Each structure stands twice: as structure tokens, then as C-alpha cells.
Amino acid sequence: MRGRTIIALQGGRVNITLAAVGATRSRAGANATHTISSMTSFLHTMVRVTDPEKSRAFYEALGFRFGREMDIVRDGELEATNYFFSIGAQENVLELTYNHDGRTYELGTGYGHIAVGVDDLDATLARLKEHAIEPEREPYRVREGGSRICFVRDPDGYRIELIERT
């Protein structure tokens, strides 16, 4: 059976619609549609890091608040530690995972960036400069009248977009 998934953000809620295309007829009909709304919500983004202390300092400089860490133990061995961060009123939206086996990672071509809204981009960049965090290039606008943006990189090379919210 072929299908289509539609994800819509509406008023802080995530609606996921699964539409069966060309399905055999059922009580609901050939193009049955099921919507999952009240039980889904965005929880967090996870990225793997190679130096938890440097990464924590970076994300705290961006305005994230460290919440807690959680060790992952498998067969009596410490396998990984997850570090959870909040920002604004959003709790635990960023999970940094450190694997204790010393492996390294490639960012790959599928990863884009994490976006963070800031009230004053110039003041944010000045504060980040105090932590030796520099933008990839000077702030710019994607379109005339649009928000000013720029990108910084975390200690593992992940891109973070800073968007001025005026």
C-alpha cells in the first residue's frame, strides 16, 4: 500500500495525517485518512558531541539552560551520557549525546541546522564573541524586509542559525 504523511503545525500543535492512496477498500473507503493530533508534540532534537564540556559551554552561551544529564548503562558498562537543555519556556528541547567509546562522527549532507530566535542579533553576537564564538559571516537578510540572520558553529561543527525576532 502506498501512502502519504502530512505533518502540519497549527497553534502549537502537531497534526500528522496518514492518507492511504490506492488502498483496498475498507469501512473507511479507498482513501482512508487518519489524523493523530492530541497525542503528538515536538519533544527535542538530539545531536552527538565529542566534548560535553565544550558543547555545554557553547549552548549555554547561546542561551540554553542545562537541565539534567542521564547516563545510559548497557550490560553494566557506561555507554553514553545524554545532556538535556531548555530554552525560554521550552523544556528539554535539545539533547546532546556523548558516547564514551571514543567514536567520531561525520556531519553528513542531510543535517541542516538548528534555529534559535534572538531579540537583538548584534547584542547576541557581542555576547558570543566573549566566548570566542564568531559568526560564519556578517548578519544578512535572505529577502528584503526579512529577519536578519547569521550562523555560528558548535564545537562539533553543527550549524546554528540565529534569527533576529523583531
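Read the figures in this text as sums done on the coordinates, not as results from a lab. Computed from a prediction, not measured in an experiment: that's the story for all the values here. So basically every Cβ, Gly included, is an ideal-geometry build from the backbone, and we count neighbours across all protein chains shown.
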Has the range 94-102 got at least one residue that is of a type in the set (Gly, Ala, Ser), surrounded by fewer than 12 Cβ atoms within 10 Å (Cβ to Cβ), closer than 19 Å to Asp51 by Cα and over 19 Å from the mean Cα position of the chain (by Cα)? yes
Pro155 fails exactly one of (1) at positive phi; (2) surrounded by 15 or more Cβ atoms within 10 Å (Cβ to Cβ); (3) not charged (D, E, K, R), namely (1)
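Yes or no, residue by residue, for (1) in a loop (DSSP other than H, G, I, E, B); (2) farther than 20 Å from Leu43 by Cα:
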| residue | (1), (2) |
| --- | --- |
| Asn92 | no, no |
| Leu96 | no, no |
| Gly102 | yes, yes |
| Glu106 | yes, yes |
| Ala123 | no, yes |
| Leu128 | no, yes |
| Ala132 | yes, yes |
| Glu136 | yes, yes |
| Cys150 | no, yes |
